[in-house]
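Here's the structure, in structure tokens; my notes come after.
The values are calculated or read from the model by the stated rules, or taken from the named source; none is laboratory data. The model shown is predicted, which means the values in this text are computed figures rather than measured ones. Cβ sites come from the backbone with ideal geometry, for glycine too, and all protein chains shown count toward neighbours.
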Amino acid sequence: VRWVTLFLNGSPKNGKVVAAYGTLSDLLSVASSKFGIKATSVYNGKGGLNDDTVLIRDDDVLFVFINSFSDASPL
């Protein structure tokens with residue numbers, strides 16, 4: 001298990017520390033639950049799109065985003 005800090009939409013405020021395990025879909029689900037949104041993508045602190053949890057290291061800072069272009073309907 002790797003512990004990471006998640007932030008929403010690039011903001012460095014109100015981060016949430018979570019356990020990153022399983023698939024990227026699992027991480028997006030945890031992020032969605034923690035922030036009350038539907039997270040669609042994860043970026044690292046340098047702006048790189050993360051497409052696999054294997055790339056995540058312990059204590060990473062990650063940013064979750066909502067893809068506003070794919071579906072405008074509410075949760």
Could you list all residues from the range 20-57 that are farther than 16 Å from Asn67 by Cβ and surrounded by 12 or more Cβ atoms within 10 Å (Cβ to Cβ)?
Ala20, Tyr21, Gly22, Asp26, Val30, Ser33, Lys34, Asn44, Gly45, Thr53, Leu55, Ile56
Against the definition (modelled with pLDDT under 95 and within 11 Å of the chain's Cα centre (by Cα)), how does Thr53 come out, yes or no?
yes
